[in-house]
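*Asks:* My structure is below; once you've seen it, I'll send some questions.
The values are calculated or read from the model by the stated rules, or taken from the named source; none is laboratory data. Treat the numbers as computed from the prediction; the structure is a model and nothing was measured. Every residue, glycine among them, receives a Cβ derived from its backbone with ideal geometry; neighbour counts consider all protein chains shown. The area values use the complete protein model at the heavy-atom level, side chains included, leaving out ligands, DNA and RNA. Shrake-Rupley method; radii C 1.70, N 1.55, O 1.52, S 1.80 Å.
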Amino acid sequence: MCGIVGYIGDNKAENILIDGLAKLEYRGYDSAGIAVLRDSKLVIRKYKGRLSVLEEKLNKENLSSNVGIGHTRWATHGEPSDANSHPHANGNDTIAVVHNGIIENFMELREQLEEEGYKFKSETDTEVISHLIDYYYKGDILEAVRRAIKRLEGAYAIAVTSKDEPDKLIAVRKDSPLIIGIGNNENFIASDIPAILKYTRNVYILDDGEMAVIKKNEIELMNIEGDKIDKEVFNVTWDVESAEKGGYDHFMIKEIYEQPKALKETLSPRINDKKEINLDGINLTKEEIEKFSRVYIIACGTAYHAGLLGKSLIQKYVKIPVITDVASEFRYSDPFIDENTLMIVVSQSGETADTLAALRLAKENKARVMAVTNVVGSTISREADDVIYTWAGPEIAVASTKAYTTQMLSFGLIALDMAIKKGTLSKAEADKVIDELISASDKVKSILEDVKLTEEAAEEIYNKENVFFIGRGIDYDVAREGSLKLKEISYIHSEAIQAGELKHGTLALIEKGTPVIALATQDKLYDKMLSNMKEVKARGAHVIAVAKKGNKEVEKSADKVIYIPDVLDELASILSVIPLQLLSYYVAVKRGCDVDKPRNLAKSVTVE
Ligand code: F6R
């Protein structure tokens, strides 16, 4: 969502802050700002708009500071505006604060502070923090921050700078990620690793209720009571290039093309030459698996779509009933959670607020919680009992691609591991699935090598107003992902429908020229799917199909067929989504959309 960067050292703080914010811009980007200390003054510059607006203004002045904090904002309280942008200061500009998260009791605090005579300049919840720190400030900024945060309810990652104590920055975390980067004669604060990776690979990952005093040559870690704590230094193993575009026009297309590698890296450490599965981080025994009476798979957006495949695979291989639900709905649906429940949460970022809340609810009710996530050290990875990491590398584009395919592959591994332990799949059956998982990387690569038909399909639909995606079984799940991808980056309205449901209503919307993307990869549903395609074709739809190589019959019911390699029905999604990702990308580019940063969206959604 929003992004935080802080710097203290000998180099130009404003340059490092802007550079770091640029790496975080994908998290939220309707405004940006910095506060730096110069000539015993706090200089705050903040503007509505992209980071470039701030950068242009800063280029016109020479701030020359060595300490400061910066922020990119994605509006929650108050519209995007200069006034609502962070940093927020106290009344006389001696203390500045940047904040990610939401302060739930901000109205109450604001009223109390207003009664004390504090004047507010913005509509944000964050501004109460700077005034509250001011209220408690008696010459010790650490103590003032400690007292202020005790009054806050909600989620926050906060960085604070003070004119009167220019040798230090203060950082605090509760329910919103924050890391401290350890440099040489300089130290950093950031809400996410890419912001500071250029400068250091060594970081402290703050846990909830922890804070840090960051000086040029010293980092002190403590809990909010002020008791000192020791933490291990986390060494980031991925490189800066993984977070750069590397010659591609957009992160999204780069990440689409990284999928063969990401799939291989997710799979290879977990399967040995004898085709045995070893899931590091998952410690389920046969007895524990047999005890589970139900599985919940909980996630949001694209991760939820991966969870739909998880449901099919676990039900098919492990023979346990599975419910996949979106995290924002799950908690309010009176779920049956007990010690016989396995909850699997799926989250690329590992920080999504609703998914995290579902995880916590499951733990409160004694369920076993497993996480599928891409970010090592993320909150979800640390709070779950078992973790399987997708080794997709950093995903920067807002639209998720390589995280999705590696999440689906991980579900293949999880379901197989459980089935083998429980004895619901024979070795021969399991080997067949393992072979399919191993070949997924090469098959995806072959799809990416010939994209001509998908580019043509994009040409055919890019100026349409509505697009329909249809499918049956897991093809419908992929249809939902294809539809989400298209709408989120190209702003074309699209809808995914179970092909068999068309005639119960939606068929009324099909007219001459309506684009229908038909997924027809499931052998057992193939004939039925062809009939559904004929139904829309008879109403004039322009049908673009995705089918397995060799299934020529489909050509009679479609205007264009994009073939994927032959694959086991239950794992076809890992391949069939690739043309859909590419289609949405090409359409968005043709429409001149900002592919990597679609309007109104953010990469990591840390508010509920
Ligand atoms: C869509 C997309 C989102 C995310 C969702 C969950 O392309 O990326 O729908 O999948 O916000 O995010 P994570 O996986 O970080 O929990």
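*Asks:* Is it the case, given these coordinates, that A399 is farther than 30 Å from K432 by Cα and either within 14 Å of the ligand (Cβ to nearest atom) or modelled with pLDDT of 95 or more (or both)? Talk me through it step by step, then tell me what you get.
*Replies:* Working: farther than 30 Å from K432 by Cα: yes; either within 14 Å of the ligand (Cβ to nearest atom) or modelled with pLDDT of 95 or more (or both): yes.
Criteria met by A399.
*Asks:* Determine if segment 190-202 includes at least one residue that is in a strand (DSSP E or B), in contact with a Gly (Cβ under 9 Å, 6 or more places away or on another chain), open to solvent by 10 Å² or more (accessible area, probe 1.4 Å) and modelled with pLDDT of 95 or more.
*Replies:* Just the residues of segment 190-202 that are in a strand (DSSP E or B), to begin with: 190, 202.
In the following step, the residues that additionally are in contact with a Gly (Cβ under 9 Å, 6 or more places away or on another chain) were identified as 190, 202.
Then keep just the ones that are open to solvent by 10 Å² or more (accessible area, probe 1.4 Å); that gives 202.
Checking which are modelled with pLDDT of 95 or more leaves us with 202.
Taking every residue of segment 190-202 in turn, at least one turns out to be in a strand (DSSP E or B), in contact with a Gly (Cβ under 9 Å, 6 or more places away or on another chain), open to solvent by 10 Å² or more (accessible area, probe 1.4 Å) and modelled with pLDDT of 95 or more.
*Asks:* Right, next: Name the residues in segment 337-355 that are within 16 Å of the ligand (Cβ to nearest atom) and either in a strand (DSSP E or B) or not hydrophobic (A, V, I, L, M, F, W, C) (or both), would you? Talk me through it step by step, then tell me what you get.
*Replies:* Step one: of segment 337-355, the residues within 16 Å of the ligand (Cβ to nearest atom) are 343-355.
Within segment 337-355, M343, I344, V345, V346, S347, Q348, S349, G350, E351, T352, D354, T355 qualify.
*Asks:* Here is a follow-up. Kindly indicate which of K552, K603 is outside the structural domain of L413 (by TED's automatic domain parsing), at pLDDT below 95 and within 15 Å of the ligand (Cβ to nearest atom). Break it down into steps so the answer makes sense when it comes.
*Replies:* Numbers: K552 fails: within 15 Å of the ligand (Cβ to nearest atom).
Being outside the structural domain of L413 (by TED's automatic domain parsing), at pLDDT below 95 and within 15 Å of the ligand (Cβ to nearest atom) holds for just one of K552, K603, which is K603.
*Asks:* So A430 ticks every box in (1) farther than 19 Å from D566 by Cβ; (2) in the same structural domain as T406 (by TED's automatic domain parsing); (3) within 24 Å of the chain's Cα centre (by Cα); (4) not acidic (D, E) but one. Which box is left unticked?
*Replies:* (3)
*Asks:* Then there's this: Kindly list the number of the only condition in (1) over 30 Å from G423 (Cα atoms); (2) in a loop (DSSP other than H, G, I, E, B); (3) out of contact with any strand residue (DSSP E or B) (no Cβ under 6 Å at 6 or more places or on another chain) that fails for K261.
*Replies:* Unmet for K261, out of (1) over 30 Å from G423 (Cα atoms); (2) in a loop (DSSP other than H, G, I, E, B); (3) out of contact with any strand residue (DSSP E or B) (no Cβ under 6 Å at 6 or more places or on another chain): (2).
*Asks:* If E511 satisfies every condition in (1) assigned to a loop (DSSP other than H, G, I, E, B); (2) crowded, with 18+ Cβ neighbours inside 10 Å but one, which is the exception?
*Replies:* (2) is the only condition that E511 fails.
*Asks:* Right, another one. Identify, from the list S347, S400, the residue that is free of Cβ contacts under 8 Å to residues at least 60 places away in the same chain and either on the phi < 0 side of the Ramachandran plot or not assigned by TED's automatic domain parsing to the domain that holds E570 (or both).
*Replies:* Values: S400 fails: free of Cβ contacts under 8 Å to residues at least 60 places away in the same chain.
Of S347, S400, the one residue that is free of Cβ contacts under 8 Å to residues at least 60 places away in the same chain and either on the phi < 0 side of the Ramachandran plot or not assigned by TED's automatic domain parsing to the domain that holds E570 (or both) is S347.
*Asks:* Something else about it: For segment 97-111, which residues satisfy the criterion of being in a strand (DSSP E or B) and over 15 Å from C2 (Cβ atoms)? Break it down stepwise before answering.
*Replies:* Step one: filter segment 97-111 for residues in a strand (DSSP E or B), giving 97-103.
Across segment 97-111, there are no qualifying residues.
*Asks:* Being open to solvent by 10 Å² or more (accessible area, probe 1.4 Å) and closer than 25 Å to I205 by Cβ is the filter here; which residues of segment 122-142 pass it?
*Replies:* Matches in segment 122-142: L142 only.
*Asks:* Would you mind finding the one in S378, S400, S347 that is buried (at least 21 other Cβ atoms within 10 Å of the Cβ) and in contact with a Cys (Cβ under 8 Å, 6 or more places away or on another chain)? Can you show your working first?
*Replies:* Values: S378 fails: in contact with a Cys (Cβ under 8 Å, 6 or more places away or on another chain); S400 fails: in contact with a Cys (Cβ under 8 Å, 6 or more places away or on another chain).
Sole residue among the options that is buried (at least 21 other Cβ atoms within 10 Å of the Cβ) and in contact with a Cys (Cβ under 8 Å, 6 or more places away or on another chain): S347.
*Asks:* Please specify each residue of segment 143-183 satisfying the condition of being open to solvent by 30 Å² or more (accessible area, probe 1.4 Å) and assigned to a strand (DSSP E or B).
*Replies:* Passing the criteria: K174, D175, I182.
*Asks:* Further, regarding this structure: Say we look at segment 283-316 and pick out the residues that are hydroxyl-bearing (S, T, Y) and closer than 18 Å to A362 by Cα; which of these is nearest to the ligand (Cβ to nearest atom)?
*Replies:* Narrowing segment 283-316 to residues hydroxyl-bearing (S, T, Y): 285, 293, 296, 302, 304, 312.
Imposing the further condition that a residue be closer than 18 Å to A362 by Cα reduces the set to 293, 296, 304.
Details: S293: 26, Y296: 15, Y304: 7 Å.
Checking each candidate, the answer is Y304.
*Asks:* Might you check whether a residue that is assigned to a loop (DSSP other than H, G, I, E, B) and out of contact with any strand residue (DSSP E or B) (no Cβ under 9 Å at 6 or more places or on another chain) occurs anywhere in segment 535-544? Please lay out each step first, then the result.
*Replies:* In the first step, residues of segment 535-544 are kept if they are assigned to a loop (DSSP other than H, G, I, E, B); the result is 539-541.
Right, trim to out of contact with any strand residue (DSSP E or B) (no Cβ under 9 Å at 6 or more places or on another chain) and you get 539-540.
Yes: one or more hits.
*Asks:* Which of the following residues is among the aliphatic types (A, V, I, L, M), away from the ligand (no atom under 16 Å from the Cβ) and either touching a Pro at 6+ places or on another chain (Cβ under 8 Å) or touching a residue at least 60 places away in the same chain (Cβ under 8 Å) (or both): A547, A558, A520, A541? So that I can check it myself, show each step before the final result.
*Replies:* Details: A547 fails: either touching a Pro at 6+ places or on another chain (Cβ under 8 Å) or touching a residue at least 60 places away in the same chain (Cβ under 8 Å) (or both); A558 fails: either touching a Pro at 6+ places or on another chain (Cβ under 8 Å) or touching a residue at least 60 places away in the same chain (Cβ under 8 Å) (or both); A520 fails: either touching a Pro at 6+ places or on another chain (Cβ under 8 Å) or touching a residue at least 60 places away in the same chain (Cβ under 8 Å) (or both).
The match here is A541.
*Asks:* When residues of segment 370-387 are filtered for being away from the ligand (no atom under 12 Å from the Cβ) and closer than 17 Å to G209 by Cα, how many remain? Step through it out loud before you land on a result.
*Replies:* In the first step, residues of segment 370-387 are kept if they are away from the ligand (no atom under 12 Å from the Cβ); the result is 370, 376-377, 382-387.
Right, trim to closer than 17 Å to G209 by Cα and you get 377, 382-383.
Of the residues in segment 370-387, 3 are away from the ligand (no atom under 12 Å from the Cβ) and closer than 17 Å to G209 by Cα.
*Asks:* Return only the number of the condition from (1) more than 10 Å from the ligand (Cβ to nearest atom); (2) surrounded by fewer than 24 Cβ atoms within 10 Å (Cβ to Cβ) that A358 does not satisfy.
*Replies:* Only one criterion in (1) more than 10 Å from the ligand (Cβ to nearest atom); (2) surrounded by fewer than 24 Cβ atoms within 10 Å (Cβ to Cβ) is unmet by A358, namely (2).
*Asks:* Considering only residues that are open to solvent by less than 60 Å² (accessible area, probe 1.4 Å), in a helix (DSSP H, G or I) and away from the ligand (no atom under 16 Å from the Cβ), look in segment 266-282 and name the one that is farthest from V326 (Cα to Cα).
*Replies:* Here the residue is R270.
*Asks:* Go through segment 305-325 and give me each residue that's buried (at least 23 other Cβ atoms within 10 Å of the Cβ) and under 22 Å from I380 (Cβ atoms).
*Replies:* H305, A306, G307, L309, G310, L313, I314, T324
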